[in-house]
Amino acid sequence: MRLAVLLLALATAAFAGPPPWQRTETREPCAASDPMRRPFFGDIHVHTLYSADAYIFGSRVDPRGAYDFMRGRGTVLLADINEAATRESRRIDRPLDFGAVTDHAEFFGEVDRCATPSSPAFDETLCTQLRQVDAGTDAQSGVTISWLFPLGIPNPPTQHSICTLPGVDCDAAAVSVWQEEQAASEEAYDRTSACTFTSFVGYEHTPSPLGRHRHRNVIFRNATVPAIALSHLDTPGGVPQGLWTALETQCLDAGTGCDALVIPHNSNLSGGEQWPDPADATEALRRQAREPLVEIFQQKGASECRFDRLLGRGVDGADELCTFEQLPNPHEGPDAVPLPVDTWPRRNLVRSVLKDGLSLEQQLGVNPFRLGFTGGTDTHNGTGGGVAETGWDGAQGGIDATPARQIADNARDNPGGLTAVWAEENSRDAIFSALRRRETFATSGTRPVVRFFAGDLANVACGSPDFVRAAYTTGVPMGGELGPTGTAPRFAVWAVKDAGTAEQPGTDLQRVQIVKGWVDVAGVQHERVVDVAGDAAAGGVDPATCAPQGTGFAELCTVWEDPAFDPREHAFYYARVLETPVCRWTTTLCRSVGVDPLAPDCAAQAATAGDDFASCCRTSGDDAFAEPLVQERAWSSPIWYRPDTIGRAAAQVAFGRPGRDVLTLRLRFGVTEHLDPARDGLTVRVSDDDDIVAVTLPPGTLRRTGAGRWRLVGKRSKPDGIAALSLVQRRNDTRLVVRTTPRDLASADRSDHMVTIAVGAGTWQTSHTRLWLASRDRLGLARRKDLR
């Protein structure tokens, strides 16, 4: 497929009508909007001086400085070996499209009071420890423990002791810091029609029981946020339910227009505790709504999967590419030790969690782990998006101040990743909506462009200028769900290499894989990784210069059908896009001090350079250190196949005279054993930016008229505006028909745009989003004969 076709698909187009999401803020319309959606790259995991650990590391970058860095407006000052802010960072290679400062909300007030000379707490020991100049790591570790211990113990105190001093109001100081975070985000947000940068208000919620990361970032949709950043100390218990409840009370259900998403991260350091089983189907559905995403990659490693090349096996599978950016320990507690794959906590790994979600869905009817993918840096230097392998400044202040400290203390770390979204425009509402619907992909730091669709995909062909339009019409993008259609679904994946910059061109693509996980009818989990495009032997690295050797691909595209598809089995599929190898940041840095990780005599060179550089070299049979080469990659959010969801849909709005419009809807599902309209009632909603039709039928409204047959009987049972509604549950499928009476359906925009059909009964929920096509007097998915 020619690159020009991609540019055509990404070309700016004007909306004929409103976008398919609600506008919740006042701003100028974006001059560039595309109904077929465009890729935007961002970093929504960034720390500044208001994070206690960042301050301990010597970071003094404030949120405004962090947003300036993300927008390419300058450098920031990093901590030197004495933790003084004298070391100038590199400039980001390309500005980001969006970003969020997500400081740890715990101890906002304490950090502010300890950093303010006029504060009565300024000269207290705890404060002087926070600000101390330190040339080594031992004292720094002691400060970290004394400051952050409440995050790792049961029933922690809600404040540090300095908050009890006369004249020290930590709560008020925390509110001031939270307001400063909001102000910095607002100042960075481009509300003009240029739409050059979108900022989000956010923070990190950070329970760490005995070093087990249960960390989550909270991202708000707009400027309406709670009065305080609801930290772990405000929502005790170390479980996410406390955070969800607080957000529901003070944001989501407050009636103020506040909206938020919760994004767990670093499950690779959670000791398996990030993802407990839900208590029941209701809690599973709640988790699915509150936490639709997971950060799969960041500077503290990859959380996708794990493989041990020495043993030749991995956790839950044999995917040899799961050696990518792995940390040796499963958590950061005092008892942390490396573990073999045979005893590694499965739920440290996102792929295993996704498979467990399928198993739980078999049992409960709800998948609690329906997780799309994001990436981030987790930088504690305020350098969001600073992810280049060459010349990386590190992410933890003075700990990374010299080559020796970077290699000795943080050789296993990496520059981190990015989040990419497919959105109509670069605005808060558009990007937040993409995050919520999981139309996202994560990268390990580079910026390839990845599209992934599944469904019938009629007329979807690589090389076609209608590739994207046809895929949205007959399939679902990354993050969506599929139901049985009578044939095996097809999967279309299209990847284009990162263009890079004039100084640092992007790396060629090597291959595209599709990763499948499924649970068979006996309840046994499986996974499979398939190369679907490209060549595993493409590209390489000149070991003498780290220059590219050989060639890969500028773009890759294929349409693939799963030969082992079984319509009875719950499954997920995601695309993994691999670039050709390059030298890792450690290789470049080690070579700068005379130690070559690719040289046979690396160990001898390291002995000459000093003990700190021993980690530059891999010894025979040693799997403890980072590879000298790295293969950057991207992961699309999964597409889920569910045997009980909408498989086929025919829908049409027929526009008549004013007030005489009619919607006809015919849906075919798989076997819906969890759907019981007598017990749960039924909801049907057809919506774009507004509800076109919304129907709620309480339990008992539908009458059983035969085995598995339900319908509205009598005028009193019919909701206003509904002429007919019938449901037929058969052995092999379920069919639902809805027809409205003639009514005003002007909320259905008369333009080609995305429309969502959602059906629910109790905890059984399903949705179907497609591109509906408009003609002079009709809007819908199908020809008239399909609706009879």
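The values are calculated or read from the model by the stated rules, or taken from the named source; none is laboratory data. Computed from a predicted structure; not experimentally measured. With ideal geometry, Cβ positions are generated from the backbone for all residues, glycine too; neighbour counts draw on all protein chains shown. For accessibility, only protein heavy atoms count, side chains too; no ligands or nucleic acids. Shrake-Rupley method; radii C 1.70, N 1.55, O 1.52, S 1.80 Å.
Checking each residue in the stretch 206-233 for being outside any loop (DSSP other than H, G, I, E, B) and open to solvent by less than 10 Å² (accessible area, probe 1.4 Å) picks out Arg216, Asn217, Val218, Ile219, Phe220. Evaluated against (1) in contact with a helix residue (DSSP H, G or I) (Cβ under 8 Å, 6 or more places away or on another chain); (2) of a type in the set (Asp, Glu); (3) without any contact (Cβ under 8 Å) to a residue 60 or more places away in the chain, Asp542 falls short on exactly one condition, (1).
Checked against the criterion of being surrounded by fewer than 24 Cβ atoms within 10 Å (Cβ to Cβ), in contact with a helix residue (DSSP H, G or I) (Cβ under 7 Å, 6 or more places away or on another chain) and more than 26 Å from Gly152 (Cβ to Cβ), the stretch 266-279 has no qualifying residue.
Residues checked against (1) without any contact (Cβ under 8 Å) to a residue 24 or more places away in the chain; (2) open to solvent by 80 Å² or more (accessible area, probe 1.4 Å); (3) among the β-branched types (Val, Ile, Thr); (4) in a strand (DSSP E or B):
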residue: Thr672; (1), (2), (3), (4): no, no, yes, no
residue: Leu675; (1), (2), (3), (4): no, no, no, no
residue: Val693; (1), (2), (3), (4): no, no, yes, yes
residue: Thr696; (1), (2), (3), (4): yes, yes, yes, yes
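Looking only at the stretch 105-139, count every residue that is of a type in the set (Gly, Ala, Ser) and modelled with pLDDT of 95 or more and tell me the total. Within the stretch 105-139, residues that are of a type in the set (Gly, Ala, Ser) and modelled with pLDDT of 95 or more number 6. Against the test of being surrounded by 15 or more Cβ atoms within 10 Å (Cβ to Cβ), hydroxyl-bearing (Ser, Thr, Tyr) and assigned to a strand (DSSP E or B), the options Thr756, Thr705, Thr701 yield a single qualifying residue, Thr756. A Cβ distance below 8 Å, combined with a sequence gap of six or more or placement on separate chains, defines the contacts here; from the stretch 313-330, residues that are in contact (Cβ under 8 Å) with a residue 40 or more places away in the chain reach residues that are hydrophobic (A, V, I, L, M, F, W, C) and in a helix (DSSP H, G or I) in the pairs Leu327/Leu269; Asn329/Leu269; Pro330/Leu269. For Gly463, state whether it is farther than 27 Å from Gly384 by Cα, of a type outside the set (Val, Ile, Thr) and surrounded by fewer than 24 Cβ atoms within 10 Å (Cβ to Cβ). So Gly463 fits the description; yes.
Go through the residues of the stretch 181-192 one by one and say whether even a single one is of a type in the set (S, T, N, Q) and buried (at least 23 other Cβ atoms within 10 Å of the Cβ). Even if it seems obvious, please write down each step before you answer.
Step one: filter the stretch 181-192 for residues of a type in the set (S, T, N, Q), giving 182, 185, 192.
Cutting the leftovers down to buried (at least 23 other Cβ atoms within 10 Å of the Cβ) gives us 185.
Yes, because at least one residue in the stretch 181-192 is of a type in the set (S, T, N, Q) and buried (at least 23 other Cβ atoms within 10 Å of the Cβ).
Apart from one condition, Ile263 fits all of (1) outside any helix (DSSP H, G or I); (2) in contact (Cβ under 8 Å) with a residue 60 or more places away in the chain; (3) on the phi < 0 side of the Ramachandran plot; (4) over 18 Å from the mean Cα position of the chain (by Cα); the exception is (4).
All conditions but one from (1) closer than 27 Å to Ser444 by Cβ; (2) open to solvent by 60 Å² or more (accessible area, probe 1.4 Å); (3) in a loop (DSSP other than H, G, I, E, B); (4) modelled with pLDDT under 95 apply to Ala14; the one that does not is (1). Just give me the residues in the stretch 78-95 being open to solvent by 70 Å² or more (accessible area, probe 1.4 Å), under 21 Å from Thr390 (Cβ atoms) and touching a strand residue (DSSP E or B) at 6+ places or on another chain (Cβ under 7 Å), in sequence order. Result: Glu88, single match.
Any residue that is in contact with a helix residue (DSSP H, G or I) (Cβ under 7 Å, 6 or more places away or on another chain) and closer than 15 Å to Gly760 by Cα - is there at least one of those in the stretch 719-733? Yes, that holds for at least one residue.
Out of all the residues in the stretch 328-338, is one or more within 21 Å of Pro240 (Cα to Cα) and surrounded by fewer than 21 Cβ atoms within 10 Å (Cβ to Cβ)? Can you show your working first?
Our first condition is that a residue be within 21 Å of Pro240 (Cα to Cα); within the stretch 328-338, this holds for 330-333.
Filter once more, so that each one left must be surrounded by fewer than 21 Cβ atoms within 10 Å (Cβ to Cβ): 332-333.
Checked against the condition, which is being within 21 Å of Pro240 (Cα to Cα) and surrounded by fewer than 21 Cβ atoms within 10 Å (Cβ to Cβ), the stretch 328-338 yields at least one hit.
The condition of being under 30 Å from Val524 (Cβ atoms), open to solvent by 20 Å² or more (accessible area, probe 1.4 Å) and either modelled with pLDDT of 95 or more or part of a strand (DSSP E or B) (or both) holds for only one of Arg351, Arg347, that being Arg347. Residues in the stretch 234-255 that are charged (D, E, K, R) and farther than 21 Å from Cys170 by Cβ were compared, and the one that is most open to solvent (accessible area, probe 1.4 Å) is Asp253. The set of residues in the stretch 394-405 being open to solvent by 10 Å² or more (accessible area, probe 1.4 Å) and in a helix (DSSP H, G or I) consists of Ile399, Pro403, Ala404, Arg405. Among the numbered conditions (1) surrounded by fewer than 24 Cβ atoms within 10 Å (Cβ to Cβ); (2) at pLDDT below 95; (3) in contact with an Asp or Glu (Cβ under 7 Å, 6 or more places away or on another chain), the only one that Gly58 does not meet is (1).
Scanning the stretch 479-491 for residues that are part of a loop (DSSP other than H, G, I, E, B) and in contact with a Lys or Arg (Cβ under 7 Å, 6 or more places away or on another chain), which turns out surrounded by the fewest Cβ atoms within 10 Å (Cβ to Cβ)?
First pass over the stretch 479-491, keeping only residues part of a loop (DSSP other than H, G, I, E, B): 479-480, 483-489.
Restricting the remaining residues to those that are in contact with a Lys or Arg (Cβ under 7 Å, 6 or more places away or on another chain) gives 479, 483, 485.
Details: Gly479: 29, Gly483: 26, Thr485: 15.
Only one residue tops the list, namely Thr485.
Among residues that are part of a strand (DSSP E or B), hydrophobic (A, V, I, L, M, F, W, C), open to solvent by 30 Å² or more (accessible area, probe 1.4 Å) and out of contact with any Lys or Arg (no Cβ under 6 Å at 6 or more places or on another chain), Leu725 is not included. For the stretch 406-429, the set of residues classified as surrounded by fewer than 24 Cβ atoms within 10 Å (Cβ to Cβ), within 23 Å of Phe40 (Cβ to Cβ) and of a type outside the set (D, E, K, R) consists of Asn426 only.
Residues in the stretch 634-649 that are assigned to a strand (DSSP E or B) and either open to solvent by less than 10 Å² (accessible area, probe 1.4 Å) or touching a Pro at 6+ places or on another chain (Cβ under 6 Å) (or both): Ala634, Trp635, Ser636, Ile639, Trp640, Tyr641, Ile646, Gly647. I'd like the residue in the stretch 728-749 that is surrounded by fewer than 15 Cβ atoms within 10 Å (Cβ to Cβ) and more than 38 Å from the chain's Cα centre (by Cα) and, out of all such residues, is farthest from Ala678 (Cα to Cα). Across the stretch 728-749, the extreme among qualifying residues is Asp744. So the check is Cβ under 6 Å with 6+ separation or different chains; which pairs have a first residue in the stretch 492-516 that's more than 13 Å from Val450 (Cα to Cα) and outside any strand (DSSP E or B) and a second one that's open to solvent by less than 30 Å² (accessible area, probe 1.4 Å) and of a type in the set (Ser, Thr, Tyr)? Filtered contacts from the stretch 492-516: Thr507/Thr580; Asp508/Thr580. Just one residue in the set Gly238, Gly202, Gly257, Gly211 is in contact (Cβ under 8 Å) with a residue 12 or more places away in the chain and within 21 Å of the chain's Cα centre (by Cα); that residue is Gly202. Return yes when Trp494 is at pLDDT 95 or above, open to solvent by 10 Å² or more (accessible area, probe 1.4 Å) and touching a strand residue (DSSP E or B) at 6+ places or on another chain (Cβ under 6 Å) and no when it is not. No; evaluated as a whole, the condition is false for this residue.
Return the residue satisfying two criteria in turn: it lies in the stretch 99-120 and is crowded, with 24+ Cβ neighbours inside 10 Å and of a type in the set (A, V, I, L, M, F, W, C), and of such residues it is nearest to Pro166 (Cα to Cα). Looking at residues that are crowded, with 24+ Cβ neighbours inside 10 Å and of a type in the set (A, V, I, L, M, F, W, C), I get Cys114.
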